[in-house]
1. For the chain, what does -39500 (n - 2.57) per DSSP helix run (n ≥ 4), summed and divided by total residues, give at 222 nm, in deg cm²/dmol to the nearest 500?
2. Longest span of the chain, sites excluded, free of GluC sites (Glu not before Pro) in DSSP loop with at most 11 other C-beta atoms within 10 Å?
3. Determine Rg/Rh for the chain; Rg is computed over alpha-carbon atoms and Rh is the Kirkwood hydrodynamic estimate from the same atoms.
4. Pop a pseudo-label 7 angstrom from the Cα along the beta-carbon direction at both residue 46 and residue 144 and give the gap in nm to one decimal.
5. With everything on Cα atoms, drop me the angle between helix 59-72 and the longest principal axis of the chain, reported from 0 to 90° to the nearest 10.
6. Once phi is turned into ³J(HN,Hα) by the Karplus curve 6.51 cos²θ - 1.76 cosθ + 1.60 with θ = phi - 60°, what whole-Hz value does each residue of the stretch 102-112 show in order, with x for glycine and proline?
7. Can you count the Lys pairs in the chain with C-alpha separation below 21 Å, eight or more apart or on different chains?
8. In Å², and per residue, what accessible area does the chain have when probed at 1.4 Å with the other protein chains present?
Amino acid sequence: RRHRRDFRGAIAAYENVLAMLPEHRQARLGIAECHYVLGDAVECRKSLEDVVESGMRGAAVDYLFGQLCVLEGDAEAAREHLKKAEEAGIGGRLLQDRIGRTHLKAKQWQDAERAFRETLEIDPDLASAHSGLGIALFNLEQREEAIEHFMLSLGLLYQQPDTHLNLGKALASVGRLDQAIQAIENALAIQPDLPGARDALQRIERARVQSLLEAVEDSTGSGG
């Protein structure tokens with residue numbers, strides 16, 4: 001709550017600056033950034049359009065546009081803006097990680113893999129990059145390496161229910177059902193209402209029971 005008040009207070013302060021100095025472009029960008037942090041996509045876009053109309057351009061504007069497009073769910077537009085920001089000189093691990101996320105949203109698995117690997121070259125200990133790379137690799141059917149990166153991510157930051165769930169699904173895909181069940185139970189322990197987790201757990205538990213039944217039948221058959 002305090003966090004939200006701080007950013008709303010910052011918006012008011014920037015508006016006061018603009019009342020005195022209407023040509024203060026950085027204040028306009030500051031308002032847009034505050035609306036983005038508050039999760040208000042509509043007001044953020046209005047403010048960013050105001051920034052562009054004021055004549056301000058450059059990497060910072062493209063970067064925020066890219067962030068906004070991710071918030072709006074437009075992966076293609078986000079990627080274009082973020083690439084412009086990168087070409088204009090904004091770089092580093094967080095930008096590459098964000099580019100990777102836009103590729104994931106667009107289901108461009110190979111592009112996502114490349115972006116996350118570049119991120120990890122900059123910072124091998126960025127948990128979100130390991131989890132993102134795991135998602136890309138899983139969809140590229142590189143399941144064992146996906147498991148490795150999900151586990152690396154959780155080793156760096158345990159409180160990631162989605163990553164526990166993705167780990168569970170990956171483990172199940174290679175037949176490691178007991179470990180898969182544990183991973184999804186870990187996800188539910190962190191977030192009991194995690195979408196898709198309980199359904200995934202039930203499917204894996206049924207598969208585990210079926211595999212046990214088949215093992216018993218095989219044993220009985222061989223014994224006869």
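1. Values: 12 runs with 180 residues, N = 224.
The per-residue figure over the chain is -26500 deg cm²/dmol.
2. Numbers: sites that count: 23, 141.
Result, exposed sites excluded: 24-140.
3. On the way: Rg = 22.7 Å, Rh = 20.0 Å.
Result: Rg/Rh = 1.14.
4. Modelled inter-label distance: 5.5 nm.
5. 50
6. 5, 5, 4, 4, 8, 6, 9, 5, 5, 5, 5
7. Details: 46/84; 83/105; 83/107; 84/105; 84/107; 105/169; 107/169.
So the count works out to 7.
8. Working: 12400 Å² over 224 residues.
Here the per-residue accessible area is 55 Å².
The values are calculated or read from the model by the stated rules, or taken from the named source; none is laboratory data. A quick note: this is a predicted structure, and the numbers were derived from the prediction, not measured. Because the Cβ atoms are built from the backbone with ideal geometry, glycine has one as well, and the counts that use them run over all protein chains shown. Only protein heavy atoms, including side chains, enter the accessible area calculation; ligands, DNA and RNA are left aside. Shrake-Rupley method; radii C 1.70, N 1.55, O 1.52, S 1.80 Å.
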